[in-house]
Amino acid sequence: MSRRPARITLGYICILIAAFAAGLLVAWTPLAERIDRDAYDWMFRIQPPEPWPSSSVVLAIDETTLTQTGGMRNVRRTVADAIERILPAKPAVVAIDLILPDTSVPADDAALEAVFERIPKLILASDLIPNQGRWEDPLPRFARWADAIGHVHAAPDPVSRAIPLEKAAGQDRRWALAFEAFRHAGHSSPVLESPADLEVNGTRIPAERETARAMYIRYREGIPELPIAKIRNDPASIEVVRNKAVFIGVTAQTAARDRLLTPLRDEMMSGVQIHAQAFETLASGRFLHPASNTAVILMCLFFTAAAGLTFAFLSGWAAYGVAASLLCMAHVVPHVAFSSNIILPYLAPVWSAWLSVAAAGSWQYFVVRRQLRQSESEKMRYQHAIQLVTHEMRSPLTAIQGSSELMGRYNLSEEKRRQIAQMINSESKRLARMIQTFLDVERLTDGSMKLRSETFASGDLIDTCVERARPLAERKNIQVLVETVAAASLKGDRELMEYAIYNLLTNAIKYSPAETVVTVSARRDSHTLHLSVRDQGIGMDEKELRNIFQKFYRTKKAEASGEAGTGIGLSIVEQIVNHHGGRIEVVSSPGKGSCFTMVLPCGIAPPPVPAPSLVSQ
Ligand code: ADP
């Protein structure tokens, strides 16, 4: 990963955290839950379980049975007759999905009770009466023969995916009909309860207490269904119930009120068939485990972190390729989990992966673009700087060239020759200094130079710069005044500091009309030196002031003044001052002038020499 400023890295992490949080928030909305449920049904259909030998049979009161036996009026007699017929095949348990709460035709009730007495394992059904908070139970004459009474409630969802194994009316709690059938088909052992599961007959069932012990049903095709009408016509057909759990109930569409949709197919399934399906899930131990919230959050975190790392360490097509694989993975993970019997929400991983990839991708795109723009402007800045230096070099070079030609061609007086030699010497020194300053500033900018650390007096520094700028000021008849100069020692690179002050001075002169005054002053606090250059020039407004330290920025007034400039000097001055641990402040108003103040850390001035005491002791 390329080295980035901490601010950019922090921003990147923040945007990823925001994507992660938004992904999670969206994944827990009601709409997302709906999408998750539809996705669950879809996965259920495309990944049907391998068929296994069924341990249950539905003894169905279907349309034909009702037609042949005189309808629901005679249902008790029909059921009694059917049980009578199947008992020789010794079913393991008989569960009846009819409530039987009141008396009917006395002969039918007696026949039913008589047959109940002979069933070795009988489970009867009860129903919670809406708004009354009590159970509607079978008549005591039936209930006394039952091994258990189970409830027949489905989960409050139009599609039956899970059933609540536990249901309570006040203190009166019932287990589901299928659960009781499973318990009594085995050793009728007591139920061991823990917050996360139930254990019965040595089988641990994932059913959390806080979800009313909801158990997902692993629906399957091929649970045998034996219509009661068929037993009556074909007595040999009862063999199918041998050692099986028999669920007796109404499947006829005209009579069954408890029909629901299931993830298995698009048509409704009757309650008794759903009980048999739940029993099959319990008997085969093929449970579906809903993933915990922690697992879901960790998975979303994984996708966010992976997207973040991808765009942090890779770029271009490599990054997009890995991001696309991540997205595919997010879509596939719920399927893979489902094939391992784990129910993962669909939207949470998919949504956090998409949001994180989009956030990380666009963030990196903009960062790369910004870096590109920065390097473009760096290139431009360098080109301008080269132009500036070559332009600045021309005047000393022309002076040196002209003077040396003069010396060669003409017979000059000794005095003139000495003057010219001195001028050549000082101009070549200026040239060398200019090249050095340029190189230093360049190296300072790209961070490859350490500042020289020398101690020098602020007064000397100011004097040198003022003297160098004076000829420029004289050309415009500008008076350069040096006000109070506090004694302070500065530490740093004198050469660069000279460059900075000289730049402020030349700006003050350049952007002031003739016959004005430029004032240099220095004031000292305990640890700082305030070094100001004040002029009575064109000044700047608020907006211009905000931009003057940007490279290549020049105000319109400066352009119009006809003074040459590149707009780079102040940016270098700011860098120099910053590198010396200081800051630069500007006060200016259009037409009235400007005051640039460098605030620099400084050493404690030497204590003044005490005046001789006049008081004699
Ligand atoms: P330049 O080479 O243009 O002088 P600088 O970076 O030194 O570049 O200054 C940037 C701009 O800031 C100048 O072009 C000018 O518009 C404005 N500026 C700087 N100093 C002064 C000043 N003393 N008075 C008015 N404007 C100034």
#### Entry: Farthest toward positive dipole pole in segment 176-275 [+1 Lys/Arg, -1 Asp/Glu at C-beta], among Tyr216, Ala245, Leu226
Leu226
### Summary
Calc'd 3J(HN,Hα), segment 142-147, phi into Karplus 6.51 cos²θ - 1.76 cosθ + 1.60 (θ = phi - 60°), Hz, glycine/Pro = x, comes to 8, 4, 5, 9, 7, 6
## Note on the structure
Non-local residues with an amide H under 5 Å from the amide H of Ile343, with H modelled 1.01 Å from N and Pro and chain starts lacking one, are His289, Ala291
### Task
Take segment 546-599, compute every pairwise Cα distance, and split them into 10 Å bins from 0; I just need the percent in each bin.
22, 52, 24, 2
#### Entry: Residues with amide H under 5 Å from that of Gly539, placed H, sequence gap 5 or more
Gly591, Gly593, Ser594
### Task
Filter the GluC sites (Glu not before Pro) in segment 172-270 down to the DSSP loop ones having no more than 10 other Cβ atoms within 10 Å, then list what survives.
Glu221, Glu267
### Message
Can you list residues from other chains, or at least 5 along the same chain, whose modelled amide H is less than 5 Å from the amide H of Leu59?
### Response
Leu226, Phe247, Ile248, Gly249
### Query
Do any GluC sites (Glu not before Pro) in segment 439-547 lie in a DSSP loop with no more than 11 other beta carbon atoms within 10 Å, and if so, which?
Glu515
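I'd like the carbon and sulfur percentage of the solvent accessible area for the chain, probe radius 1.4 Å, heavy atoms only, ligands and nucleic acids excluded.
Within the chain, the accessible surface is 57 percent carbon and sulfur.
How would segment 28-164 be classified by its alpha-carbon gyration tensor: rounded, prolate or oblate, with rounded meaning a/c under 1.5 and the a/b versus b/c comparison settling the rest? Kindly include the intermediate steps, with their values, before the conclusion.
Values: a/c = 2.25, a/b = 1.66, b/c = 1.36.
The shape class here is prolate.
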### Reachable lysines from Lys557, criterion Cα separation under 27 angstrom, eight or more residues apart if same chain
Lys379, Lys476, Lys510, Lys543, Lys592
#### Entry: Rel. contact order, % - alpha carbon contacts under 8 angstrom, at least six apart, the chain
12
### Message
Could you give me D for the chain, from Stokes-Einstein at 4 °C and 1.567 mPa s, where the hydrodynamic radius is the Kirkwood radius over C-alpha pairs? Units µm² s⁻¹, please.
### Response
39
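Which shape class, rounded, prolate or oblate, goes with segment 91-188 when its Cα gyration tensor gives a ≥ b ≥ c as root eigenvalues, a/c under 1.5 marks rounded, and past that a/b bigger than b/c marks prolate?
Here segment 91-188 falls in the oblate category.
Could you work out the helix-only [θ] at 222 nm for the chain, with each DSSP H run of four or more residues adding -39,500 (n - 2.57) and the total divided by the number of residues, to the nearest 500 deg cm²/dmol? Walk me through the intermediate numbers first.
Details: 18 runs with 300 residues, N = 617.
Calculated from helices alone, the mean residue ellipticity at 222 nm is -16000 deg cm²/dmol.
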### Query
In whole Å, how far is the Cα centre of segment 53-105 from that of segment 302-362?
53
### Query
Which order, highest average first, do 584-595, 25-36, 502-513, 365-376 follow once you tally other Cβ atoms within 10 Å for each residue and take the mean per peptide?
502-513, 584-595, 25-36, 365-376
### Message
Please enumerate, by chain and number, the aspartates and glutamates with C-alpha under 13 Å from the C-alpha of Lys556, excluding those fewer than 8 residues away in the same chain.
### Response
Asp541, Glu544
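What are the semi-axes of the equivalent ellipsoid for segment 328-405, taken as the square roots of 5 times the Cα gyration tensor eigenvalues, largest first, in whole Å? Walk me through the numbers on the way to the answer.
Working: eigenvalues 881, 15, 5 Å².
Working from the Cα gyration tensor, I get semi-axes of 66, 9, 5 Å.
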### Message
Under the rule a/c < 1.5 gives rounded, and otherwise a/b versus b/c splits prolate from oblate, where does segment 500-544 land using the Cα gyration tensor?
### Response
prolate
### Task
Please report how far the C-alpha centroid of segment 242-285 lies from that of segment 410-435, rounded to the nearest whole angstrom.
111
### Query
In whole Hz, what ³J(HN,Hα) sequence does segment 157-164 give by Karplus (6.51, -1.76, 1.60; θ = phi - 60°), x for Gly and Pro?
8, x, 9, 8, 9, 9, 10, x
## Note on the structure
Residue-ordered couplings for segment 17-30, obtained by feeding phi - 60° into the Karplus form 6.51 cos²θ - 1.76 cosθ + 1.60 and rounding to whole Hz (Gly and Pro as x), are 4, 5, 5, 4, 5, 5, x, 5, 4, 5, 5, 9, 7, x
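The values are calculated or read from the model by the stated rules, or taken from the named source; none is laboratory data. Computed from a prediction, not measured in an experiment: that's the story for all the values here. Backbone-built Cβ (ideal geometry, glycine too); neighbour counts: all protein chains shown. Heads up: the accessible areas ignore ligands, DNA and RNA and are worked out on the full protein's heavy atoms, side chains in. Shrake-Rupley method; radii C 1.70, N 1.55, O 1.52, S 1.80 Å.
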